[in-house]
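Structure, as structure tokens:
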Amino acid sequence: MSFVFYDTETTGLSTRFDQIVHFAAIKTDAELREVDRYEVRSRLRAHVLPHPEAMCVSGIGIHQLLNPSLPSHYEMACEIKAKLDAWTPSIFAGYNSIRFDEELLRQTLFQTLHPVYLTSLRGNGRADVMGLVLSAVASAPHCLVVPTDASGRRSFKLADIARANGIVHSKVHHAMSDVEAALELCRRLREAAPDAWQSFVRFSNKAAVAHFVDGEDAFVLTEFFGGNSYTSPVVLLGQQSGMVNGRLCLILGASTRGILSASVDELGELLFEKPSPIRRIRTNSAPVLAPLYEFEDGRFDMDIDDIEALAREVRADTALCARLISVFESRDKQWPASAHVEGRIYDGFPSPSDEGIMERFHQVGWEERVRLLDRIADERFRILGERLVYHEAPQELRPDQRHRVLSGFTFKTGDSPDGPLSREGAIAYIDEMRGKAPAHHLALLDDYRAYLVQIGSTGVS
């Protein structure tokens, strides 16, 4: 199986409303020898406002983002899809990619009317190099040096891990440099932590994850949040309601007996302590898992044999598992549908008819594409298609279509609860940042502020 290591540089941290401006990838063979590499940049879309902090991190100013010689976002998306299709099947991986780069890539495909699940269909798998690092450090603590930050906490940032382990990372927050560093980490860990490497490859496939989780009495789950990693033995309770790929597990430890003997009312408190003893796993998101036997006694607050015995007891009590799931899910929030089309990426698959129309959309001229949009049944893809025409060939839009496009560009009217960064919000960030920014960022911020003032309250034209 080949691998594709990739990274993105973006206009900000919103996986819904920011855009990729630099994409880089390296394809390797099964032995992690480089076979090919690719990178592409794009210019800014008219309705996207970069976050000032992201601009300072990347060092890419507004005039570079607006450079007319760069490919458009749509042209970049088409290039990326063609390249990744040509590299299929592969295992696609990046550093912290499942939670960020993968979502940006999916949004890029979604918003340009391409199939969204490119990295998980047609024999492809997806994995996360940060997960590999967490898994390796959990099961073989001396395989890597994990540095600490200024607060004394362990840092799993790619730049810090690379520096601490003597890995060349010449340009931090440069897509290709980040790819090279992540690939070298994989080469090191493939030799230094072979069990973690095998799990990394194995669990890039959601069917393998489901088979492991559903079949083991107990196993070990490693998670990362709040800047820290957490490794715990868990037992499967069952499938998450309404989610084919969702599983709910219970952390096993000295306090588990109290949970098993609790009343329904008591469970309502126990299951919602922070951190909750109930953990969610998505089988299609490369969770960091390991067999219990890879860990020695003393690693957890119970012996391994006792953990396995407790897990078998929990799994055998199907009524208990159902009760724990029911109580836990009773407090799940029902989130309202997003008012923005970007937030509706997971609202369902396109129909076969719409899929066929969208495939043809990329094969014909812009005049015919406008006519094809009228035949799409799913409103999401009509909206996104009209935006594409607006950016690429605005003269082809009818007045009603142009009105819909401009009405949907919400940054013109200020902040909305779940919407993109507004023009006023961006200016406020700049004004706040100027007092603390180093001298080499001031010109970048001032140029961006001037641009925001220039486009005025009308946003895009």
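The values are calculated or read from the model by the stated rules, or taken from the named source; none is laboratory data. Quantities reported herein were computed from a predicted structural model and do not represent experimental measurements. Here the Cβ is made from the backbone with ideal geometry for all residues, glycine too, and neighbour counts use every protein chain on show. Ligands, DNA and RNA are excluded from the accessible area calculation, which covers all protein heavy atoms including side chains. Shrake-Rupley method; radii C 1.70, N 1.55, O 1.52, S 1.80 Å.
Taking first residues from segment 255-273 that are at pLDDT below 85 and partners that are hydroxyl-bearing (Ser, Thr, Tyr), the Cβ contacts under 8 Å between residues at least 6 apart in sequence or on separate chains come to Gly268/Ser330. For segment 183-218, a tally of residues being in a loop (DSSP other than H, G, I, E, B) and within 11 Å of Ala127 (Cβ to Cβ) returns 3. Where strands (runs of 3 or more DSSP E) fall wholly inside segment 1-74, the ranges with 1 or more residues that are in contact with a Cys (Cβ under 8 Å, 6 or more places away or on another chain) and open to solvent by less than 40 Å² (accessible area, probe 1.4 Å) are 2-10. Given the condition more than 30 Å from Ala193 (Cβ to Cβ) and either aliphatic (A, V, I, L, M) or part of a strand (DSSP E or B) (or both), answer yes or no: does some residue in segment 293-310 qualify? Scanning segment 293-310, I find no residue that is more than 30 Å from Ala193 (Cβ to Cβ) and either aliphatic (A, V, I, L, M) or part of a strand (DSSP E or B) (or both), so the answer is no. Filtered by the rule that a residue be within 23 Å of the chain's Cα centre (by Cα) and surrounded by fewer than 17 Cβ atoms within 10 Å (Cβ to Cβ), segment 188-223 gives Gln198, Arg202, Ala207, Ala208. Within segment 103-145, if we keep just the residues that are surrounded by 21 or more Cβ atoms within 10 Å (Cβ to Cβ), farther than 25 Å from Arg16 by Cα and small (Gly, Ala, Ser), the residue that is farthest from the chain's Cα centre (by Cα) turns out to be Ser139. Among the residues of segment 100-141, those identified as within 20 Å of Ala196 (Cβ to Cβ) and either part of a loop (DSSP other than H, G, I, E, B) or free of Cβ contacts under 8 Å to residues at least 24 places away in the same chain (or both) are Ala140, Pro141. Would you confirm, using the coordinates I've provided, whether Ala290 is in a strand (DSSP E or B), open to solvent by less than 30 Å² (accessible area, probe 1.4 Å) and either among the β-branched types (Val, Ile, Thr) or on the phi < 0 side of the Ramachandran plot (or both)? So Ala290 fits the description; yes.
Within segment 75-102, the set of residues being of a type outside the set (Gly, Ala, Ser) and either more than 22 Å from Thr11 (Cβ to Cβ) or open to solvent by less than 10 Å² (accessible area, probe 1.4 Å) (or both) comprises Met76, Ile80, Leu84, Asp85, Trp87, Thr88, Pro89, Ile91, Phe92, Asp101, Glu102.
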